[in-house]
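> Have a look at this one before I ask anything.
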């Protein structure tokens, strides 16, 4: 054994993060760098895998360069990354195109064509996911239809984290979580679906082999060692897609739910059997713990909505932020506290970029309902937080409507540090909200995979219990929950009443 340090790499939708953890999950040193998203056409969204690789090299050199931990003390490398996208690579591991990422909508026609061959409900039954342009398979079909030479030259289609691991180890591989997000994976058999590969016209040999997330799949090559300053031969585990963040909240048993409050939101709960929604509103995918599954759903706008408000309506707070040494978000928290529950009758629909779970409507748009001359920014700030909480309640109720009981909801990450926002979520949903000590849940989750992979822990469960701690519990206030339940009914009604108008608005543009 070398040291007891784990180096993690996270290829997120907005940034690359490199973190060194000790074996207790304590962050020793970290690096983060944003990478650009290219939008060559309306509805398109791409990232260059070479940008990811450049940031990884820079990031690993940076954390090692601090001298806090030497390369010889790194026991294992573990990688996580954004889902629902894939990089076409040739046999030499060269990327052939920019990666078409999750928010890209160009494959709508491919979805329509596929739905004429196989019902979306049958796809959902096999995969636990919806047929939608945001997911991987329609994007691969778009490449086949529009870039046939690239498709033919492609040796493997690799999710972002698997591309980076390839560049470090020369090994082509993936794991069940990323595979399940492709719409080409049978979650019951744990294998690529021959039926769906045929429907999407994807040869199975172009898909990577599926391995367990904790498996040591390779080691740092001499070339990668020269670039990154890691030691040649350092073990590398398979890792897991960024839904591995569920480990960062300690959601490792039935009934525990993991909440996410990053750019988007999510509620995901552990269950002991696959749960399928007849209406296809929620997703189902395998948990890292083999006896468990995860059922849940992502929303499109959480932190994004508050950032939109900050960037457009709180520019005057920048000077105060610098003067007092606090973030603008902390000031906005204070403004939300100064407003009353319900924001004095102001309701926000947080559909600034459409919405995913549970309404799956790309045409839905943001709405501030109930504005009067007596409202000020503090009510708008609180209404935005409440609107996001309503969207999470919508997901929670959809899941529970399938017979799943949610005992509690656990949050992690710096984005969920806002006490007022967590209390609003507890009051709106009517359940206890627990906050963990974890600042980077996806990276902590992938650290756990690495630690288990090299035997620092016997099981994922043991590792979670050693590294994830509850630091605060916020229970709902009955009076606030009663107020919010009335407003939530209006929230739901507003979307229903505006459904046709949202469609009409898109036709005017």
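The values are calculated or read from the model by the stated rules, or taken from the named source; none is laboratory data. Nothing here was measured: the structure is a model prediction, and the numbers come from that model. Heads up, the Cβs are rebuilt from the backbone with ideal geometry, glycines too, and the neighbour counts pull from every protein chain shown.
> Conditions first: (1) touching a strand residue (DSSP E or B) at 6+ places or on another chain (Cβ under 7 Å); (2) at pLDDT 95 or above. Residue 485 passes all but one, so which condition is the exception?
Evaluating residue 485 over (1) touching a strand residue (DSSP E or B) at 6+ places or on another chain (Cβ under 7 Å); (2) at pLDDT 95 or above leaves (1) as the failure.
> Any chance region 77-91 includes a residue that's in a helix (DSSP H, G or I), out of contact with any strand residue (DSSP E or B) (no Cβ under 7 Å at 6 or more places or on another chain) and in contact (Cβ under 8 Å) with a residue 60 or more places away in the chain?
no
> Still on this model: Can you tell me how many residues in region 456-482 are in contact with a helix residue (DSSP H, G or I) (Cβ under 9 Å, 6 or more places away or on another chain) and either buried (at least 16 other Cβ atoms within 10 Å of the Cβ) or not assigned by TED's automatic domain parsing to the domain that holds residue 387 (or both)?
11
> Among the residues of region 1-16, what is the count of those that are in contact with a helix residue (DSSP H, G or I) (Cβ under 9 Å, 6 or more places away or on another chain), part of a loop (DSSP other than H, G, I, E, B) and more than 22 Å from residue 97 (Cβ to Cβ)?
Of the residues in region 1-16, 3 are in contact with a helix residue (DSSP H, G or I) (Cβ under 9 Å, 6 or more places away or on another chain), part of a loop (DSSP other than H, G, I, E, B) and more than 22 Å from residue 97 (Cβ to Cβ).
> Next question. Yes or no: residue 419 surrounded by fewer than 21 Cβ atoms within 10 Å (Cβ to Cβ) and at negative phi?
For residue 419, the condition - surrounded by fewer than 21 Cβ atoms within 10 Å (Cβ to Cβ) and at negative phi - is met.
> Turning to a different aspect of this structure: Taking residue 439 as meeting all but one of (1) within 22 Å of the chain's Cα centre (by Cα); (2) in a loop (DSSP other than H, G, I, E, B); (3) over 30 Å from residue 217 (Cβ atoms), write down the number of the exception.
So residue 439 meets the others, but not (3).
> Still on this structure: With the checklist (1) under 30 Å from residue 342 (Cα atoms); (2) touching a strand residue (DSSP E or B) at 6+ places or on another chain (Cβ under 7 Å) in hand, flag the one item residue 418 doesn't pass.
Just one mismatch for residue 418, condition (2).
> While we're on this one: Quick check on my filter: what residues within region 360-375 are surrounded by fewer than 21 Cβ atoms within 10 Å (Cβ to Cβ) and part of a loop (DSSP other than H, G, I, E, B)? Before you say what the answer is, go through the steps one by one.
Taking region 360-375 and keeping what is surrounded by fewer than 21 Cβ atoms within 10 Å (Cβ to Cβ), we get 360-363, 365-375.
If the condition is that a residue be surrounded by fewer than 21 Cβ atoms within 10 Å (Cβ to Cβ) and part of a loop (DSSP other than H, G, I, E, B), then 360, 362, 363, 365, 366, 370, 371, 372, 373, 374, 375 are the ones that fit.
> Another question, if that's okay. I want to confirm something. Restricting to region 428-455 and keeping residues that are touching a strand residue (DSSP E or B) at 6+ places or on another chain (Cβ under 9 Å) and within 30 Å of residue 482 (Cβ to Cβ), which single residue is surrounded by the fewest Cβ atoms within 10 Å (Cβ to Cβ)?
That would be 432.
> Any residue at all in region 500-508 that's surrounded by 14 or more Cβ atoms within 10 Å (Cβ to Cβ) and assigned to a helix (DSSP H, G or I)?
Yes, region 500-508 contains at least one residue that is surrounded by 14 or more Cβ atoms within 10 Å (Cβ to Cβ) and assigned to a helix (DSSP H, G or I).
> Quick one: in region 227-275, of everything that is surrounded by fewer than 24 Cβ atoms within 10 Å (Cβ to Cβ), closer than 30 Å to residue 57 by Cβ and within 18 Å of the chain's Cα centre (by Cα), which residue is modelled with the highest pLDDT?
For region 227-275, the residue satisfying everything is 264.
> Could I ask something else about it? Please go through region 25-34 and give me each residue that is modelled with pLDDT of 95 or more and either more than 28 Å from residue 452 (Cα to Cα) or touching a helix residue (DSSP H, G or I) at 6+ places or on another chain (Cβ under 6 Å) (or both), ordered by number.
25, 29, 31, 33
> Let me ask something else. Going by the structure shown, is residue 104 in the same structural domain as residue 59 (by TED's automatic domain parsing) and outside any helix (DSSP H, G or I)? Even if it seems obvious, please write down each step before you answer.
Values: in the same structural domain as residue 59 (by TED's automatic domain parsing): yes; outside any helix (DSSP H, G or I): yes.
When the stated conditions are applied, residue 104 passes them.
> Now a separate question. Give region 17-55 a look and list any residue that's buried (at least 16 other Cβ atoms within 10 Å of the Cβ) and closer than 15 Å to residue 99 by Cα, or say none.
Once the filter is applied, which keeps residues that are buried (at least 16 other Cβ atoms within 10 Å of the Cβ) and closer than 15 Å to residue 99 by Cα, region 17-55 yields 35, 37, 44, 45, 46, 47, 48, 49, 51, 52, 53.
> Scan (1) without any contact (Cβ under 8 Å) to a residue 60 or more places away in the chain; (2) in contact with a helix residue (DSSP H, G or I) (Cβ under 9 Å, 6 or more places away or on another chain) for the single condition residue 372 breaks and write down its number.
(2)
> Here is a further query. Among the residues of region 21-38, write down those that are assigned to a loop (DSSP other than H, G, I, E, B) and farther than 18 Å from residue 71 by Cβ.
Correct list: 24, 25, 26, 35, 36, 37.
> Read through the list (1) in contact (Cβ under 8 Å) with a residue 24 or more places away in the chain; (2) over 22 Å from residue 485 (Cβ atoms), then give the number of the only condition that residue 421 fails.
Of the numbered conditions (1) in contact (Cβ under 8 Å) with a residue 24 or more places away in the chain; (2) over 22 Å from residue 485 (Cβ atoms), the odd one out for residue 421 is (2).
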